[in-house]
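Please read the structure below before turning to the comments.
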Amino acid sequence: MDKMPAWADIVLIPLISLLLAALISALVILAIGEDPLAALKLMVDGALGSTYGWGYTLYYATNFIFTGLAVSVAYHAQLFNIGGEGQATLGGLGVALMCLFIPWPHWTLAVLGAGLAAAAFGALWAAIPAYLQAKRGSHIVITTIMFNFIAGALLNYLLVNILKPMGSMDPATARFPEATNLPTLHEILAPIGINFSKAAPANVAFLIGLVACVAVWLLIWRTKLGYEIRAYGKSESAAVYAGISPVKIIMIAMLISGGLAGMMAVNNVMGEAERLVLNSTEGAGFIGIAVALMGRNHPFGVLLAAILFGFLYQGGAELALWTKIPRELIVVIQALVILFTGALDNMVRLPLERLFLALRRRQEG
């Protein structure tokens, strides 16, 4: 018998952890001489108070949806993929090559080709650490960390020496052709009478992210492969006894994980920058770890956590612009969220388990 309802594990524990992180953050803001309630109001107004703010919040959230899903899929197989940053970087390379060297007639075809290339490049970059884990016993955490740096160095070389346009000093590709430009949420919503900000970078990739959430849910909980991934993650020895191949599960789970991380580039490279630049991922691969932790590795939880972190990113920018509170405080808040939802999870979980157990005994008695 479960110690607490599923909804409490998925919703209540993260909510309490978030409130504790917010309380500590408020104390930090007080310590630097600012009003935490005014800071919260400014963050809410800046991130959620207009379609412009929502546009940036959803843009950041889209990045975190893909990287959060990438971490969660691997985690179900007990693989801690922290290489999302490198996989998303190589996904951007795949997007750039497809957009620059294939004459797409329309964005609908371009996004299919670029999305497949982004997923393929991200998956291939994850395949090497997966193979080293499956066949050589190399720890996935160590290899994926190393491959983050290798991906950054590789992209730097390619942009500076090969992909940079002749005569340009900027280490970036040429701008993608207009036919590959993705429609923004303004262009999507205008025909149905919703006036969304033209200046916001949120685009059709957000809708693709929602589809990815549904697809991952179907994969993990409604397919034989998903069952095998979860079985292997719960007990490797039991999975092997049942005829499930560890090599197969490690490789497939990491390929899917890397592909999801690579698809982030559809949003930030193809949808927003419309060219490939250095450090286009901006740490989203690492934020995906926190998103997956807070979302309990469930696609719906990942979606909510991604929107929360999108809110923190956009709200933090408003704080840095209009107050004396430094932008780095948002990193502190993110760290507190990770601390309470990850390392200090049992501090919230154990008292709640005792509470629900006591309530169940009272009902049975």
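The values are calculated or read from the model by the stated rules, or taken from the named source; none is laboratory data. As the structure is a prediction and not an experimental result, all values here were calculated from the model. No Cβ is skipped: glycine too gets one built from the backbone with ideal geometry, and neighbour counts run over all protein chains shown. All accessible areas refer to the heavy atoms of the entire protein, side chains included, with ligands and DNA or RNA removed. Shrake-Rupley method; radii C 1.70, N 1.55, O 1.52, S 1.80 Å.
Taking label points 7 Å from Cα along the Cα-to-Cβ direction, Ala153 and Arg230 give a separation of 4.1 nm. Atom-type composition of the exposed protein surface of the chain places 68 percent of the accessible area on carbon and sulfur (1.4 angstrom probe). The charge dipole of segment 142-243, taken about its Cα centre with unit charges on the Cβ atoms of Lys, Arg (+1), Asp and Glu (-1) only, comes to about 200 debye. Under 12 Å of direct C-alpha separation, and excluding same-chain neighbours fewer than eight residues apart, Lys248 reaches these aspartates and glutamates: Glu228. Give the label of the value calculated from the structure for Rg and Dmax of the Cα atoms in Å, choosing from (1) 21.5, 81; (2) 21.3, 76; (3) 23.7, 87. Checking each listed value against the structure points to (1). Shown here for segment 222-310: GluC sites (Glu not before Pro) in loop regions (DSSP other than H, G, I, E, B) with at most 15 other Cβ atoms within 10 Å, namely Glu282.
Among Lys324, Lys3, the order of accessible area from largest down is Lys324, Lys3, computed with a 1.4 Å probe on protein heavy atoms. Placing unit charges on the Cβ atoms of the charged side chains and taking the dipole of the chain about its Cα centre, the candidate lying farthest along the positive direction among Leu158, Asn63, Pro105 is Asn63. Computed about its Cα centre, the charge dipole of the chain is approximately 920 debye, with only Lys, Arg, Asp and Glu carrying charge at their Cβ. The lysines within cross-link reach of Lys324, meaning a Cα-to-Cα straight distance under 22 Å and a gap of 8 or more places when in the same chain, are Lys41. Dipole orientation for segment 312-365: of the candidates Met347, Gln363, Ala320, Gln363 has the Cα lying most toward the positive pole (charges on Cβ; Lys, Arg +1; Asp, Glu -1).
Ile208 contributes about 50 Å² of solvent-accessible surface, heavy atoms of the protein only, 1.4 Å probe.
Is it possible to state the helix-based mean residue ellipticity at 222 nm for the chain, with each DSSP H run of 4+ residues giving -39500 (n - 2.57), the sum divided by total residues, to the nearest 500 deg cm²/dmol? What is it? So the calculated ellipticity at 222 nm is -22500 deg cm²/dmol.
Note on Lys198: aspartates and glutamates with a C-alpha under 12 Å away, same-chain residues under 8 apart excluded, are Glu187. Ordered from highest to lowest accessible area with the whole protein assembly present and a 1.4 Å probe, Ser17, Ser237 read as Ser237, Ser17. Largest to smallest in accessible area, the residues Trp104, Trp217 fall in the order Trp217, Trp104 (1.4 Å probe, all protein chains included). Projecting label points 7 angstrom from Cα along Cα→Cβ for Arg175 and Lys248 puts them 5.0 nm apart. Heavy atoms of the protein chains alone define the surface here; on that basis segment 59-151 has 37 Å² accessible area per residue at 1.4 Å probe size.
The stretch between Ala358 and Lys41 holds 110.3 nm of extra length on full extension. This uses 0.36 nm per residue minus the Cα-Cα distance.
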